[in-house]
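> Input: one structure, supplied below.
Laboratory data are not the source of any read-out in this text; all were calculated from the coordinates shown. Because the structure is predicted, anything quoted here is derived from the model rather than measured. Using ideal geometry, Cβ is built from the backbone for each residue, glycine included, and neighbour counts are taken over all protein chains shown.
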Amino acid sequence: MSGGVADQEDYPTFEALYQASDKALFVAKASGRNCVVHSKDIAVILDAHKVATM
């Protein structure tokens, strides 16, 4: 099971919060099984993935 998480205080609207958590969920699913990703960690994870695949 994978999950995406975002903090309400970081996003001014429900739509922005939803989009951030949805993007985090997409990154978690792409990272493998049983992952939970916080929206603040997306850039770090994508950079690490880019380095690992070079």
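> On a 0 to 90 degree scale, rounded to 10, what angle separates helix 42-52 from the longest Cα axis of the chain?
Orientation of helix 42-52: about 10 degrees from the principal axis.
> Give the angle, between 0 and 90 degrees and rounded to the nearest 10, that separates the Cα long axis of helix 14-31 from the longest principal axis of the Cα atoms of the chain.
The angle comes out near 20 degrees.
> Follow-up. Note down the magnitude of the dipole of the chain about its Cα centre, charges +1 on Lys and Arg C-beta and -1 on Asp and Glu C-beta and zero elsewhere, to the nearest 20 debye.
Around 340 debye, computed over the chain.
> How large is the Kirkwood hydrodynamic radius of the chain, in angstrom, based on all distinct alpha carbon pairs?
11.3 Å
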